[in-house]
Structure formats: C-alpha cells, structure tokens
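Below is one structure, written out as structure tokens; comments come after it.
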2 protein chains.
Amino acid sequence: MAAGANLVIDGDRLVSRLNALAQIGATPDGGVRRLAFSAEDKQGRDWLVAEMRAVGLTVEIDRIGNIFGTLPAGEGAPVMSGSHIDTVATGGRYDGALGVIAALEAAQVLKESGVALTRPFTVAAFSNEEGARFQPDMMGSCVHAGVLSLDAAFAARDAAGMSVGQEIAAHACAGEMEPGTIRPHAFVELHIEQGPILDAEGRGFGIVEGVQGIRWFELTLTGEPNHAGTTPLSYRRDAGLVAARIIAFARETALSIEGTVATAGRIVFEPGQVNVVPGRALFTLDLRNPDDSRLDEVERRVMAFAREAAAAERVEMVVRKLARFPAVAFDADVIAALDRSARSFGHEPRRMVSGAGHDAQIMAGIAPAAMVFVPSVKGLSHNPAEFTADEDLIAGANVLLRAVLRLAQA
Amino acid sequence: MAAGANLVIDGDRLVSRLNALAQIGATPDGGVRRLAFSAEDKQGRDWLVAEMRAVGLTVEIDRIGNIFGTLPAGEGAPVMSGSHIDTVATGGRYDGALGVIAALEAAQVLKESGVALTRPFTVAAFSNEEGARFQPDMMGSCVHAGVLSLDAAFAARDAAGMSVGQEIAAHACAGEMEPGTIRPHAFVELHIEQGPILDAEGRGFGIVEGVQGIRWFELTLTGEPNHAGTTPLSYRRDAGLVAARIIAFARETALSIEGTVATAGRIVFEPGQVNVVPGRALFTLDLRNPDDSRLDEVERRVMAFAREAAAAERVEMVVRKLARFPAVAFDADVIAALDRSARSFGHEPRRMVSGAGHDAQIMAGIAPAAMVFVPSVKGLSHNPAEFTADEDLIAGANVLLRAVLRLAQA
C-alpha cells in the first residue's frame, strides 16, 4: 500500500469552512450572493487567502484575480485542484465553494500527515466562473489557460457599463503574477452535479468523464399571417407550425443519438392571436452531447429537417448561432486516479458526463484533467435551495483527497 | 323564361354607392374605420336610410339598430338580403358594405323594372357584425334571430367600460321596432371571401354552402423547469415539447379529416430562457370544419393525442374552451336559386364553405339561407388594402339579384 493510502479528510472541518464561506454574501433565504469582483467576492477572497496561509500554503494571485495556494513538495509541475468562489445573483452554498474548500482540506490533510509527495499540490480558486455579471463565464480559468486575453477579460462590461478592469481595481482582487504561470501536471475538480442523476439514483458521487459540447441557436421563421378560418391548409405559410415540427424533431433526434439533450427554451409567435396563422416564429435550440462528432450529426440532422420543414410550408428560415463550446473528454489517467480512489473506499463509481460548464473543462486544454460530482438534491442549483448532504460532501472530498495523493505521488 | 330573368344591376351605381359609403370613416391609408355604434357608424346609417328612402323602400329600424328597407310586393314573409356596415378598427371598403349595397341595388333594379314579385323584398343592415368594440360579434343578427337577448346586447361593454345601450342612445342608432319582427321567407347574403381561394383560382364568385364550425381552446401544460444541460431526457417534464407535439399533430389531423383547418396562433413558454427546459407552456388551438361531426372527430383525436403526449412527458394539462360555434349548412333551395342564377350568366359556379362568421349563419337559424362570395385579392381582409375588382363586385351583385328574383317569385 502506498504511503498515505488510508488518509481521510476531516469532515467537520470541511463543513465548518463551507458554513463560514456561506456567511459571506449570505441572503435571507439561505442562499449566497457573491458576484464576481464585487465587495462580497473580495471578502470571500480575503477569507480564503487567510485560510490558505493558516494551513501553511504559499499564496500567489494573478492579474485576473485567480488565487493559488501551494503546498511545496517534490519537484516539477504541481497537481492542482480547485474551483471558484463567485456565485450567481441568487446562488447556493455549494456551487464552486465545495471544490475550493475540499482542495484546501486535502492540502491540509496532506500537510498534517507529512506524507511524502513527489510533486507540489496547488489549491486554485478561479475568478468569475459563473459569468453572472461579466461574460464570458469561466473567465479566470480561460485567462489562465490562454484562451482569453487579459485585455479582453478586463474590457468585459456589466449591464451598468462597469468593466472587469475597473471592478478588479476597485476591490483589489488582483495580484502581480502573470496568468498561466502555474502550469499544472494534472487538474482535478470536485463539484456538485447541478443535475438530478446522482440524487435520483441514490449515489454519493460520480466520476466525470467529460463535459458536453454545447451549441445554441436562434431560429427565425417567416411565413405569412393569415385568417385562421378562411385560409386553406394548402395556402398557409404557418411559421408556428414549422417551429413546432422542428422542436418535436429535435427531441426525436436527441433520443436517437446517444448522449444528446435538446431543448427549446424560448418561443414567440407573431402576431400571436388565436385566430391568425403565425406569420413569424422565433425560438431557441440548445443542443448538447459529450461527443463533438455526435453533436455535429445532431446539428446536421436537426438543421436538415428544419430546412425541409420550412421549405414544405414555404417559410423562410434564418439561423443565428448564439453560442458554441466544444465537448471536452477528460484524461484517462486522472479518471483512473479518481476511480482507484473511489474503489479504495469500497465504492463502485458511477461514470457520467457534465451538462454544465466548469473550470476543469478549460484546464483540460493545458493539463490532464477530470472531475468528481456529488449529488444536488432534486438537481437544484443556481438556487438558494441548492443542497447536498454532509455525508456526500465528505465522501466527495475523500475521493478527491486520495486521487490528489495518487497524482502527486506519480 | 320567367319575368325579369334578364335583369342586370347597374354596375356604375353599385360602385358609386360603395365609394360614397367608403368616404364615411375613411382613413388616410384608403381603409375605413366605422366601429359599431360610433359617430361614424351613425353617419353611415343615416346615409343608408336616405339611400333606401330615395329608392322607395319602407325603412324600419329595430331596438338594436338593425335597419330594414322593404320593397312592398305580393304577400307573406319577404325575401331578405343584406349584411352590415360596421367595420373593424382598420377595416376595408368591402367587408359588409358590399352585401348591403348590392341588396339595395337589387331592390332598385327590381323596383325600376316593375317585374312582378310574389313576396316583398327587404334589404337588411345588421348592427355590429364585427364585434370589434363590443362582443359578441354578429350582435344585430343574433338579437334579430333571438339567440341573444336585447338586454344582454345592451349590457355589453367596450374596453373603456362604455355599454352598447349607452352608445346606441348617444348616437341615436336605434328605432322602435321589436327585434325579430320581420321573419324572412329566405335570406341571402353577398360578401367578399376574406380568404384566398377565389383569387387564387381566378374565379369571379363562389356559392357558399355552409359556415365552418369553430372551436377555440387554450391549453396550459405544466411540467418542471430544469437545467437544459444537466437534465437527462428521461428526467424531463418539458411542457414546451408537449405543446410542439400537439401543434404538429393538430396539422396532421387537419390534413387527415376533410375540410379541417387547425391553427395554433399564440404560445408562451415559461421561464422562457434558452438553457432552461420549459416548465410551463400555454398555447391556443383554433379548430374548424364545416361538418360538426367531423369537427367532433378532430377535437376527439387532437385531445386524445394531447392527453397521451402530456402523460408521456409527465406534464399536467388543463384545457379551457374559449369559444364554440356550431357549423351551419345552408339551405339547398337557396343554394339552388344562387346556382341557377349563376348559370343564367353562363358560369359554372364553384361551391365553397365560409371560414369566417357572417350574419347569414345566424339568419340560417330562422330562415332558409345561403351566401355568395366574391374574391378578396390575396385573401386580404380586415385590412385597408382589402380589394375586390369592380367586375367581380358587379358579377356577385348580379348573381344576388337574379337569386333574389327567383326566391321572390317562388
């Protein structure tokens, strides 16, 4: 058995730190509002840096405000684990915070145990993962990974016209380190699922093999508004009907291509009267699949059907691409480290993919990466009612700890 | 050949009267705004009564403002023809006005020709056919036919809270006659089609065999709003998807049951975000068929499918009936009179059904009735651009004239 193979985290300490952080920006309904680069975010940052220093980590902060606390050990690039501490406007206590505090707990256990590591271990808290106030989301990890320039990040403005650069300066969120300086050997992130699967299956955690590719479209269909009584079917150019057919087809396509989800979340018919054939229909499509080639096929089939359905009704169609994120397949070795860690606790781990975006998918661009999920009761997230039981928080943090240990001893 | 069988209307006089009436409430875009019981409607009424008197008709006005101008002849119940002179807020020159003025023209030709009739002929202008300001529509003919009480009609209020009773009094639209006093032997109405069929087929007119039954529904589907990325298809309760499936199915059903039209004119998804599965969807369905038993079958199939589609997605469905008008089959003898009239001009008449509501369908409840339609260019109606060529107006009025003659000589 490798040194430290029986280590476990201190569950009380983990939960206690989560509670402490949840007080910063706490809302009366039990939720948290700690928007990126706000005064509350700054308070959270200061608390985190103090905790890191108390544990004995070496703290470095880069120019976009990403915080790194390193446990020096061995040589070479560190194993890194972390997440974010910013929240959406009506956020919960676990989204992001869990991943940072569990990594901090792992660092403390590793340090206190005195177990020999061949590499340093770095706890990371990335800026503005949520993108609730300043887009894009995953801003800090994107800047760290070099897929977003610091200038572009600083130039992002909120609805009131305030820029990231201004807010970072106003709340002293930034440090001196150039982004991307700490290039990890491997990255691993613990996060709540933000979906219903683990809760519904009664599982304590899942190992995340990848993040879905995401494509958002807005389809505008233009036909002709006509009298609903006097216009025979063969004369109609019913934009609403075409929209309905495409939405129904998107679900059929999702069912037929493994791993796909398809959602039409927003729709408008014009003129929108009970007795007028819709002359115009606008709706959104959100298509996701963990495999980009499958997602290509989903998009190809849905858009081919949409063109045919529009042509059959003599309706014009304009497709606007609103967003496009490639799928990420996590690293087999990091997944294996998580898998062996889970089995060391006697668990048969469930494999899953993430439907939501996370810092780990950005870090996967510069380092081997993977994730662990713990359940969100009823799948609730971005919601003050977001909840994960303490035993699940602790189980997830333990899986993270032993995986970090394996990676830092490799 | 029967006496008067070669009579024709005076086309110039018909068009000239249409132009004169179109000046009353004329709008700058070439349209007409003559809302029921308004000052403009009153001006139109006064103009019509003066024209009727100039022709030599005996004018009677009932308590809901229906205007009747009778050419005395023979004995018994009169043949009646007419329509309405009120318009929607952004109306055209022909909808309603044509049917009244063509009937007046027929009366004038019959009178001037001195042809012997066995029955009187009455020209009718019914109040508030449009229902644009005060509901229900077809108010005057409904009161005349006894399907709406005078009290209920008087109590109807517009959006500003003004009642029909107040407006009728304010603009002196009413007379002393009790509604329903003049019970016709037969009723025939000339109207523009308000649909595209005759224009598309290049036909000058069509004989209307009936009016579609109309059923309006509002369906509210309640599922669960969920994350579009993290919620697997099998966990979804996607109210929007169910709405789309029902709308697509309604068209399939309409195609499979002869004479059906189905329209979903209005739709809302909630919360209406691109990345949230719709937790709620609300939409309207407008189903029509000229045959009530077929319409029963359409409704049965669509609602059975809707229940199944909702249950399959674990979505709750509430169906509200917004409106329900039975189909009307026009009278075979009146249709035959129109048919022979058309053939006397060398036409092979097209038979059709009306998708819109007309006074004739209400009058059909108390007398044998039928209609003639003339083309609406591009199917436009309730629109300032509503247009019918003079030659079509004249052809329609001629068919009306000779049908009235046949009915009044029978």
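The values are calculated or read from the model by the stated rules, or taken from the named source; none is laboratory data. Predicted model only: the values in this text are computed from it and were never measured. Note: ideal-geometry Cβ built from the backbone for every residue, glycine included; neighbour counts use all protein chains shown. The area values use the complete protein model at the heavy-atom level, side chains included, leaving out ligands, DNA and RNA. Shrake-Rupley method; radii C 1.70, N 1.55, O 1.52, S 1.80 Å.
When B:Ile24, B:Ile61 are checked against the criterion of being in contact (Cβ under 8 Å) with a residue 24 or more places away in the chain and not charged (D, E, K, R), B:Ile61 stands alone in meeting it. Taken over the stretch A:57-78, the residue count meeting the criterion of being at pLDDT 95 or above and open to solvent by 30 Å² or more (accessible area, probe 1.4 Å) is 6.
Just one of the listed residues (B:Ile362, B:Ile366) is buried (at least 20 other Cβ atoms within 10 Å of the Cβ) and either closer than 24 Å to B:Glu258 by Cα or more than 14 Å from chain A (Cβ to nearest Cβ) (or both), and it is B:Ile362. Taking the conditions (1) open to solvent by less than 60 Å² (accessible area, probe 1.4 Å); (2) farther than 22 Å from B:Val188 by Cβ; (3) hydroxyl-bearing (Ser, Thr, Tyr) in turn, B:Ser81 satisfies each one other than (2). Could you list all residues from the stretch A:380-400 that are among the β-branched types (Val, Ile, Thr) and either assigned to a helix (DSSP H, G or I) or open to solvent by 10 Å² or more (accessible area, probe 1.4 Å) (or both)? Correct list: A:Ile394, A:Val399. Among residues of the stretch A:19-37 being of a type in the set (Gly, Ala, Ser) and open to solvent by 20 Å² or more (accessible area, probe 1.4 Å), the one that is modelled with the lowest pLDDT is A:Gly30.
Checking each residue in the stretch A:63-72 for being touching a helix residue (DSSP H, G or I) at 6+ places or on another chain (Cβ under 7 Å) and not β-branched (Val, Ile, Thr) picks out A:Arg63, A:Gly65, A:Asn66, A:Gly69, A:Leu71.
Within the stretch B:268-322, being within 19 Å of B:Arg215 (Cβ to Cβ) and among the basic types (Lys, Arg) holds for B:Arg288, B:Arg294, B:Arg300, B:Arg301, B:Arg307, B:Arg320, B:Lys321. Taking only the stretch B:218-251 into account, find how many residues are away from chain A (no Cβ under 11 Å) and surrounded by fewer than 20 Cβ atoms within 10 Å (Cβ to Cβ). Selection size over the stretch B:218-251: 2. Selection of first residues in the stretch B:72-92 that are free of Cβ contacts under 8 Å to residues at least 60 places away in the same chain and of second residues that are open to solvent by 10 Å² or more (accessible area, probe 1.4 Å) and of a type in the set (Val, Ile, Thr), restricted to Cβ pairs under 8 Å at least 6 apart or on distinct chains, gives the following pairs, ordered by first then second residue: B:Pro72/B:Thr58; B:Glu75/B:Thr118. For the stretch B:38-56: of the residues being in contact with a His (Cβ under 9 Å, 6 or more places away or on another chain) and open to solvent by less than 20 Å² (accessible area, probe 1.4 Å), which is nearest to B:Phe134 (Cα to Cα)? Only one residue tops the list, namely B:Ser38. Hey, does the stretch B:317-336 have a residue that's touching a residue at least 24 places away in the same chain (Cβ under 8 Å) and closer than 22 Å to A:Phe283 by Cβ? There is at least one residue in the stretch B:317-336 that is touching a residue at least 24 places away in the same chain (Cβ under 8 Å) and closer than 22 Å to A:Phe283 by Cβ.
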